[in-house]
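Asker: Just dropping this structure here.
The values are calculated or read from the model by the stated rules, or taken from the named source; none is laboratory data. From a predicted model like this one, the values you see are computed outputs, not experimental measurements. Cβ coordinates were reconstructed from backbone atoms using ideal geometry, including for glycine residues, and neighbour counts include every protein chain displayed.
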Amino acid sequence: MSLKPTSLSPLQLKTHSFPVVSIRANPGGKATATSAIDQQVACGPVEGVPNHWNLQLQISLHSTDVNNPFCYEAEIVAIGVVELIGEVPADKRDAIVAVNGLGLLYSACREMLLNVTARSLYGAFSIPSLNFAKVIQEAQANLQASPKLPEGKVEAAKC
């Protein structure tokens, strides 16, 4: 099967990798316990390469009550490069790259988590979908409120 150029998304994931994958089954953890997912995002143009952006997504899954642990704790960092190949209006480029590109990385993180937990103590676990338009909006608001992030944290979105 060959893809016609008109059927391709204007945003293409060129490469992605996982510099950090840490998934732990909590002894005595329960699937009914409350958990939270925190995320940090970053994006910016690839210097000297038109229509390419670097993206980074860090997600942390953790229990909200140490006395009632969730079955898994996880930290995953995904980095990637996306390319805009279609005709996209200049005022929409950054938003399309950030929202859709980070969504692609998030899907890759979900798959990584599913693959590892499928062979773990409590069985397969999948993270819910996120609204990356809202995630980026929150990251930008946090960046404006506190421009210096603690050391070791991923820089907030600039897109």
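Asker: List the number of the failed condition for VAL66; all other conditions in (1) under 29 Å from PRO27 (Cα atoms); (2) aliphatic (A, V, I, L, M); (3) in a loop (DSSP other than H, G, I, E, B); (4) touching a residue at least 24 places away in the same chain (Cβ under 8 Å) hold.
Answerer: (4)
Asker: If you don't mind, there's one more thing I want to ask. Do we find a residue being closer than 18 Å to VAL116 by Cα and surrounded by 13 or more Cβ atoms within 10 Å (Cβ to Cβ) anywhere in the stretch 77-96?
Answerer: Yes, because at least one residue in the stretch 77-96 is closer than 18 Å to VAL116 by Cα and surrounded by 13 or more Cβ atoms within 10 Å (Cβ to Cβ).
Asker: Still on this model: Just to be sure, is LEU113 in a helix (DSSP H, G or I) and within 23 Å of THR32 (Cβ to Cβ)?
Answerer: Judged against the criteria, LEU113 is a match.
Asker: Among the residues of the stretch 135-158, are any surrounded by 13 or more Cβ atoms within 10 Å (Cβ to Cβ), outside any strand (DSSP E or B), at pLDDT 85 or above and within 12 Å of the chain's Cα centre (by Cα)?
Answerer: yes
Asker: Taking the stretch 34-71, which residues are of a type in the set (A, V, I, L, M), farther than 19 Å from SER129 by Cβ and in contact with a strand residue (DSSP E or B) (Cβ under 9 Å, 6 or more places away or on another chain)?
Answerer: ALA42, VAL46, VAL49
Asker: Mind checking which residues of the stretch 11-41 are within 19 Å of GLY103 (Cβ to Cβ) and without any contact (Cβ under 8 Å) to a residue 40 or more places away in the chain?
Answerer: Residue satisfying the conditions is ASP38 alone.
Asker: In the stretch 47-65, how many residues are more than 21 Å from LEU113 (Cβ to Cβ) and either touching an Asp or Glu at 6+ places or on another chain (Cβ under 8 Å) or crowded, with 19+ Cβ neighbours inside 10 Å (or both)?
Answerer: Going through the stretch 47-65 one residue at a time, the tally reaches 3.
Asker: If VAL99 satisfies all but one of (1) farther than 20 Å from PHE18 by Cβ; (2) in a loop (DSSP other than H, G, I, E, B); (3) without any contact (Cβ under 8 Å) to a residue 40 or more places away in the chain; (4) in contact with a helix residue (DSSP H, G or I) (Cβ under 7 Å, 6 or more places away or on another chain), what's the number of the condition it fails?
Answerer: Single failed check for VAL99: (2).
Asker: Go over the candidates LYS4, LYS30 one by one and state the one that is more than 23 Å from the chain's Cα centre (by Cα) and either modelled with pLDDT of 95 or more or surrounded by 12 or more Cβ atoms within 10 Å (Cβ to Cβ) (or both).
Answerer: LYS30
Asker: Then there's this: Only one of (1) within 20 Å of GLN12 (Cα to Cα); (2) surrounded by fewer than 19 Cβ atoms within 10 Å (Cβ to Cβ) is not met by ASN68, so which one is it?
Answerer: ASN68 satisfies all of (1) within 20 Å of GLN12 (Cα to Cα); (2) surrounded by fewer than 19 Cβ atoms within 10 Å (Cβ to Cβ) except (1).
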